[in-house]
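Enquirer: Just dropping this structure here.
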Amino acid sequence: MTRVRKTFSFIVLSLSLFCLIACEKVVSLDLKSIPPKYVIEGVVTNETGRSRIKISSTKDFTSNNEFTGITGASVKVENRGVTYTFRDAGAGVYQHNTFRGTQGQTYLLTVTVDQQSFTASSTMPVAAAFQDLYLTKGNFAPTRTVLNVRYADMLETKNYYWFQQYVNGIEQAAYGLVNDEFSEGQEIVASMLFENTTEDHSKDFKSGDRLTVEMHCIEAPFYSYLYGLYAATGFAYGSQSSNPQSNLSGGALGYFSAHTTQRKFVVIP
């Protein structure tokens with residue numbers, strides 16, 4: 001079957017928060033304390049040693065905003081009758097050095113902490129081909145650089161993609177989300193924006209910088225979670241303020257995703 005090349009731009013989302021300041025009268029708010037909840041951010045991938053489960057908890061409004069990881073939890077991932085124990089690596093991160101997920105297989109996560117148990121399952125999609133990442137002449141500027149991503153969508157299934165961005169190995173807040181609702185089975189060429197939105201010109205793009213894009217093939221629930229995560233900041237599509245929908249049972253916030261990972265990079269000439 002002949003593929004049709006389609007060009008479009010990603011939905012590029014940023015998790016940056018903004019503060020709005022106005023000269024108005026002072027309003028006293030009655031802020032009630034809310035019992036903390038555990039937050040679980042779990043990922044298993046098709047790369048050895050790249051799977052990790054991160055555990056933290058929510059904080060009261062009056063608490064500081066510093067991240068505090070939860071240690072001492074029991075974290076297990078089961079697949080086809082085999083159970084893998086993820087070890088506490090410190091700061092609330094749990095890892096397994098030799099674990100590697102397989103496309104098409106289902107994984108069950110069980111986290112036990114403080115006599116509470118949380119579970120979730122996820123099936124790793126089959127990876128679409130990440131074909132190319134390149135910089136077109138004229139798309140480079142010190143504060144705003146656009147890369148082109150080319151990949152081949154699969155015809156047989158509904159596909160969801162998450163694109164993470166890195167500059168010199170540092171993960172960026174912005175990320176790309178796309179599905180194949182209008183491009184099923186086609187070859188896709190899409191634009192991905194790298195941008196320095198700060199006033200710190202030391203972060204401007206320059207010759208020798210390494211721009212990396214990771215392409216993840218993900219399930220629909222995780223796609224919805226990531227989309228809702230941006231909406232929950234209050235600056236997108238109706239300014240929703242609720243937490244994104246979790247696939248974890250037991251009352252924890254967060255997600256568990258089994259997905260494939262592919263990456264390519266461009267060095268700015």
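Just so you know, all these numbers are worked out from the coordinates, no wet-lab data involved. Nothing here was measured: the structure is a model prediction, and the numbers come from that model. No Cβ is skipped: glycine too gets one built from the backbone with ideal geometry, and neighbour counts run over all protein chains shown.
Enquirer: Using a 7 Å offset from Cα along Cα-Cβ at THR48, what residues in region 193-218 end up with backbone N under 19 Å from the label point?
Expert: Taking a point 7 Å out along Cα→Cβ of THR48, no residue of region 193-218 has its backbone N under 19 Å.
Enquirer: What is the set of long-range amide H partners of SER257 at a cut-off below 5 Å, with H atoms built 1.01 Å from backbone N?
Expert: Distant-sequence amide H within range of SER257: GLY42, VAL43, VAL44.
Enquirer: How much length is gained on full extension from THR198 to SER117, taking 0.36 nm per residue of separation minus their Cα-Cα distance? Kindly include the intermediate steps, with their values, before the conclusion.
Expert: Working: separation 81, 0.36 × 81 = 29.16 nm, distance 4.16 nm.
In short, 25.0 nm is gained.
Enquirer: Of LYS137/LYS203; LYS37/LYS76; LYS206/LYS264; LYS37/LYS264; LYS54/LYS264; LYS203/LYS264, which ones are farther than 27 Å apart at the Cα? Can you show the working numbers first?
Expert: Values: LYS137/LYS203 21 Å; LYS37/LYS76 20 Å; LYS206/LYS264 19 Å; LYS37/LYS264 37 Å; LYS54/LYS264 25 Å; LYS203/LYS264 21 Å.
Those over the limit are LYS37/LYS264.
Enquirer: Work out, step by step, the length gained on full extension between SER224 and GLN131: first 0.36 nm times the residue separation, then minus their alpha carbon distance; give nm to one decimal. List each step's numbers first, then the result.
Expert: On the way: separation 93, 0.36 × 93 = 33.48 nm, distance 2.52 nm.
Going from the current span to full extension adds 31.0 nm.
Enquirer: Near LYS158, which aspartates and glutamates are there with a Cα under 16 Å away, not counting those fewer than 8 places off in the same chain?
Expert: Once the sequence-local aspartates and glutamates are set aside, what remains near LYS158 is ASP180, GLU181, GLU184, GLU187, GLU219.
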